[in-house]
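Contents: one structure, followed by commentary.
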Amino acid sequence: MKKLKFKNGDTMDAIGLGTWKSEKGKVTEAVKIALNNGYKHIDCAATYGNEAEVGEAFSEVFKKGDVKREDIWVTSKLWNNAHKKEDVIPALKQTLKDLQLDYLDLYLMHWPVAFKPDVGFPEKAEDFLSLEEVPLIETWNEMVKAKEQGLVKHIGVSNFSIPTLESLMKDTDYIPEMNQVELHPYLQQNKLLEFCSKNGINVTAYSPLGSGDRPDEMKAADEKSLLENPVIVKIAKKHGASAGQILIKWSEQRGTAVIPKSTNEERIKQNLMSAGYQLDEDDMKEIADLDYHFRYVNGKFFELEGNSYENIYDD
Ligand code: A2P
C-alpha cells in the first residue's frame, strides 16, 4: 500500500478506516477488526458522536499488545462549535479523553464554518458565528499551539476550497499538512489536487464509495450510485475485484489517502485488500471520464438564509 509522507518524515498508510456513520453499537468491533487485520490508519471526528466507542477499541487492542499506539495513525477533527480560541484545546482534550489517547497523529479543522459553542448542528442563521467574529486564523493558531504542546503531531483542514486555503495560508507560516475533502470518480478534484501538491499539502478522500448510508435528508432524489456505475462494475469484473475495491484503489493509486467506512467484517477486510490491485492506463482513462463535479455532501446544510455562509466550496 502507498504511504503519504509528511515534511518531518512521518508516514501515513493511504487506506484508513472511516468512522462517519458507524453506529455506536458497531464501531468498537469494527475498529478492533480493522486493527487486528492490518489497518494502521483510523479516521475519527468529534461530531461523529462515537469517539468514546472508538476509544474502547483502541484501549482493548493496545492492552492485548499485538498493536502498539505508535504503530497506528489516528486522525480526528475539531467540530464547528469549538472554533473560538478558548474552545479549541478543550475540544481536542475531550477527543483525546474519548479516544483514550495521549496524542493524535493528525487534527483537522472539520469545516471553514463556525457555530456558537452550544450548537451541535445549526437550525437557524443565529446558530452561526461569522468568519468576521471568529476568523479561521484564530482557530488555526490554537491548532498550531496544540501541535507545539505535543497534543497532536500534525495539523490540517477539511472541506477547504482553493480560495479558503489561500486565505488561511496568507496569514500563517504553518501551512496545513492535510486537506480532507470529498473525492471520488464523480468529483475528481483535479485543480484542488494540483494546488495541494504544489503547496506540499496531502489530501484525503472522504465518501470514496458514495456514502450510501448517510441520512436521507442529505441525498438528492436523482443521485447516481458510484458502486453501481457500469464503468466501475466493468473494471471490477476485469480485475476480479469488487466495485468498492476499484473505487478505493483509484484513490490510493492517485496518491491520496482514502477512508472507506464499513462496520461489516468482510467489507472492512476487502477494503484494505484494494491496495493489491493495479489499475491500468485504460482503466484510469475511463474513470477520468466519469467526473461531473457531483457532491454527495454538498454543504448546503450550512447555507441557511440570513447567515453569512454562501457557496462554501467556491464551486
Ligand atoms: P457497511 O458499513 O455495511 O459496509 P463511504 O465510505 O463512501 O461513506 O461509504 C460507506 C458505505 O459503503 C456504507 O454503507 C458501507 O456499508 C458501504 N461499504 C463499505 N465498504 C463497501 C464495499 N467494499 N462494497 C460495498 N459497500 C461498501
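The values are calculated or read from the model by the stated rules, or taken from the named source; none is laboratory data. From a predicted model like this one, the values you see are computed outputs, not experimental measurements. Here the Cβ is made from the backbone with ideal geometry for all residues, glycine too, and neighbour counts use every protein chain on show. Areas reflect the complete protein model, heavy atoms only, side chains present, ligands, DNA and RNA absent. Shrake-Rupley method; radii C 1.70, N 1.55, O 1.52, S 1.80 Å.
Consider residue 154 against the criteria (1) open to solvent by less than 10 Å² (accessible area, probe 1.4 Å); (2) of a type outside the set (Ser, Thr, Tyr); (3) touching a Gly at 6+ places or on another chain (Cβ under 7 Å): it satisfies all of them except one. Which criterion is unmet?
Here residue 154 meets the rest and fails (3).
In this structure, is residue 170 without any contact (Cβ under 8 Å) to a residue 24 or more places away in the chain and open to solvent by 30 Å² or more (accessible area, probe 1.4 Å)?
Yes; evaluated as a whole, the condition is true for this residue.
Residue under question is residue 138, and the condition is that it be open to solvent by 20 Å² or more (accessible area, probe 1.4 Å) and either of a type in the set (S, T, N, Q) or within 20 Å of residue 105 (Cβ to Cβ) (or both); does it hold?
Answer is no for this residue.
Yes/no matrix, rows are residues, columns are (1) farther than 23 Å from residue 85 by Cβ; (2) within 16 Å of the ligand (Cβ to nearest atom); (3) within 19 Å of the chain's Cα centre (by Cα); (4) part of a loop (DSSP other than H, G, I, E, B):
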residue	(1), (2), (3), (4)
145	no, no, no, no
154	no, no, yes, no
165	no, no, yes, no
181	yes, yes, yes, no
194	yes, no, yes, no
220	yes, yes, no, yes
228	yes, yes, no, yes
241	yes, yes, no, yes
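Where residues in region 196-218 are farther than 30 Å from residue 166 by Cβ and of a type in the set (D, E, K, R), which of them is nearest to the ligand (Cβ to nearest atom)?
213
Among the candidates 268, 235, single out the residue that is more than 19 Å from residue 43 (Cβ to Cβ), touching a residue at least 12 places away in the same chain (Cβ under 8 Å) and either more than 13 Å from the ligand (Cβ to nearest atom) or assigned to a helix (DSSP H, G or I) (or both).
Values: 268 fails: more than 19 Å from residue 43 (Cβ to Cβ).
Only one candidate passes the filter, namely 235.
List the residue pairs whose Cβ atoms are under 8 Å apart, where the first residue sits in region 57-70 and is more than 12 Å from residue 29 (Cα to Cα), the second is loosely packed, with under 10 Cβ neighbours inside 10 Å, and the two are 6 or more positions apart or on different chains.
From region 57-70, the pairs are 62/68; 69/102.
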